[in-house]
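The values are calculated or read from the model by the stated rules, or taken from the named source; none is laboratory data. On a predicted model such as this, the values are computed, not experimentally measured, just so you know. No Cβ is skipped: glycine too gets one built from the backbone with ideal geometry, and neighbour counts run over all protein chains shown.
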Amino acid sequence: MGSIWELDFYSRPIVDENQKKVWEVLVCETPLETRTKIDSLFRFAKYCPSTEVNSAWLRTALEEAIGKAGETPRRIRFFRRQMNNMITKACKDLGIPAEPSRRTLLLNQWLQQRLEQVYPQEPGYQAGTNPSVNLEKSSPQRLPDALEGKQWTFVTLQGADFTVMHEWEIGFSEAFPLDIAQVSPETPIPGVLIYSPRALPIAGWMSGLELACLKFDSSQGARLLLETGATESWILANIKNPETLAEAKGFEQAKQKANGVHFIAVQSNPQEESFAGFWLLQEVNLP
């Protein structure tokens with residue numbers, strides 16, 4: 001099936017001898033299961049002079065990364081929308097689909113570690129000069145009518161339950177080791193379970209999105225939003241029942257206690273033991 005890579009190509013808090021910003025490409029393999037060993041995943045880092053920042057240099061760096069990995073990824077995720085044109089051009093030239101995504105959890109962690117431990121050791125380091133990502137989110141969209149669930153409910157699993165997720169019968173899924181999120185096996189993980197006779201089409205549609213997180217939103221009424229891609233979101237449900245409203249607030253509180261980790265799952269009915277879809281998610285602040 002092939003791996004998925006996460007990519008960042010941007011300036012770092014380092015200047016060269018001409019006081020020009022040093023750029024860097026970071027590439028890491030996305031963990032796709034809870035049992036994935038983080039240390040076994042591919043990583044690649046290379047600095048780029050400010051005079052050579054273009055899609056051609058990035059394409060060459062990616063070719064080098066592919067050579068070291070011994071395989072071409074089936075697709076690449078990136079979170080910096082301002083680098084969209086350059087990244088998609090370099091990837092297109094290599095025949096690799098590239099998608100804006102907030103599902104770059106290992107990359108975010110690695111970048112934070114380099115900001116704290118690697119860049120300060122480099123000549124030309126300048127503290128406090130690394131720009132953060134500012135996302136202008138688009139207005140939430142309504143779900144296509146055919147994809148609305150017949151019913152849904154808030155549920156909770158323990159962190160330890162996910163250690164055997166690879167044994168569950170699931171149609172479409174993606175997960176990550178809970179060590180990435182620094183969540184213990186004893187931590188309650190909140191989630192939302194959607195039931196529908198059209199469970200498989202719903203799960204198939206969701207698998208084609210870059211799922212980011214679920215959020216309870218009270219800015220315009222009470223609603224549950226599914227955030228996808230870099231800036232998109234969908235109205236999963238409007239909440240009017242006081243009891244459900246209390247559950248939604250409890251979901252957000254549990255999510256915060258679980259360091260943003262939560263899940264969304266799709267089944268055909270409450271008696272079904274298999275899942276049409278199951279995704280482990282984490283709401284994070286991008287670097």
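Things worth noting here:
- Unique match (being within 20 Å of the chain's Cα centre (by Cα), surrounded by fewer than 14 Cβ atoms within 10 Å (Cβ to Cβ) and farther than 18 Å from L211 by Cα) among Q256, Q271: Q256
- Residue pairs whose Cβ atoms lie under 7 Å apart, separated by 6 or more positions or on different chains, with the first residue in region 239-250 and assigned by TED's automatic domain parsing to the domain that holds I264 and in contact (Cβ under 8 Å) with a residue 40 or more places away in the chain and the second surrounded by 11 or more Cβ atoms within 10 Å (Cβ to Cβ) and part of a loop (DSSP other than H, G, I, E, B), are A248/A222; A248/I239.
- So L236, is it under 22 Å from the mean Cα position of the chain (by Cα), of a type in the set (A, V, I, L, M) and closer than 28 Å to N84 by Cα: yes
- Residue satisfying all of: in region 181-231; among the acidic types (D, E) and in contact (Cβ under 8 Å) with a residue 40 or more places away in the chain; nearest to Q141 (Cα to Cα) among these: E227
- Some residue of region 229-239 being among the charged types (D, E, K, R) and within 21 Å of T156 (Cβ to Cβ): no
- Every residue from region 274-283 that is surrounded by fewer than 21 Cβ atoms within 10 Å (Cβ to Cβ) and under 14 Å from the mean Cα position of the chain (by Cα): E283
- Per-region count, region 140-179, residues outside any loop (DSSP other than H, G, I, E, B) and of a type outside the set (A, V, I, L, M): 19
- K92 vs. criteria loosely packed, with under 15 Cβ neighbours inside 10 Å and modelled with pLDDT under 95: no
- Filter pass, R75 being under 16 Å from the mean Cα position of the chain (by Cα), surrounded by 15 or more Cβ atoms within 10 Å (Cβ to Cβ) and either closer than 20 Å to K21 by Cβ or in the same structural domain as Q19 (by TED's automatic domain parsing) (or both): yes
- Residue within region 179-190 that is more than 16 Å from N259 (Cα to Cα) and either buried (at least 17 other Cβ atoms within 10 Å of the Cβ) or of a type in the set (D, E, K, R) (or both) present: no
Residue by residue, here is whether (1) modelled with pLDDT of 95 or more; (2) of a type outside the set (F, W, Y); (3) closer than 20 Å to E99 by Cα holds:
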site: F42; (1), (2), (3): yes, no, yes
site: L58; (1), (2), (3): yes, yes, yes
site: A61; (1), (2), (3): yes, yes, yes
site: G67; (1), (2), (3): yes, yes, no
site: G70; (1), (2), (3): yes, yes, no
site: I76; (1), (2), (3): yes, yes, yes
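- Here T60 meets each of (1) hydroxyl-bearing (S, T, Y); (2) out of contact with any strand residue (DSSP E or B) (no Cβ under 6 Å at 6 or more places or on another chain); (3) part of a strand (DSSP E or B) with one exception, condition (3).
- Condition check for F44: out of contact with any helix residue (DSSP H, G or I) (no Cβ under 7 Å at 6 or more places or on another chain), not assigned by TED's automatic domain parsing to the domain that holds I170 and not acidic (D, E): no
- Test: residue in region 15-31 that is out of contact with any helix residue (DSSP H, G or I) (no Cβ under 9 Å at 6 or more places or on another chain), surrounded by 19 or more Cβ atoms within 10 Å (Cβ to Cβ) and either of a type in the set (K, R) or more than 22 Å from P287 (Cα to Cα) (or both): no
- Verdict on G149 being touching a helix residue (DSSP H, G or I) at 6+ places or on another chain (Cβ under 9 Å) and at pLDDT 95 or above: no
- Check on W110, surrounded by 16 or more Cβ atoms within 10 Å (Cβ to Cβ), more than 20 Å from the chain's Cα centre (by Cα) and either in a loop (DSSP other than H, G, I, E, B) or modelled with pLDDT of 90 or more (or both): no
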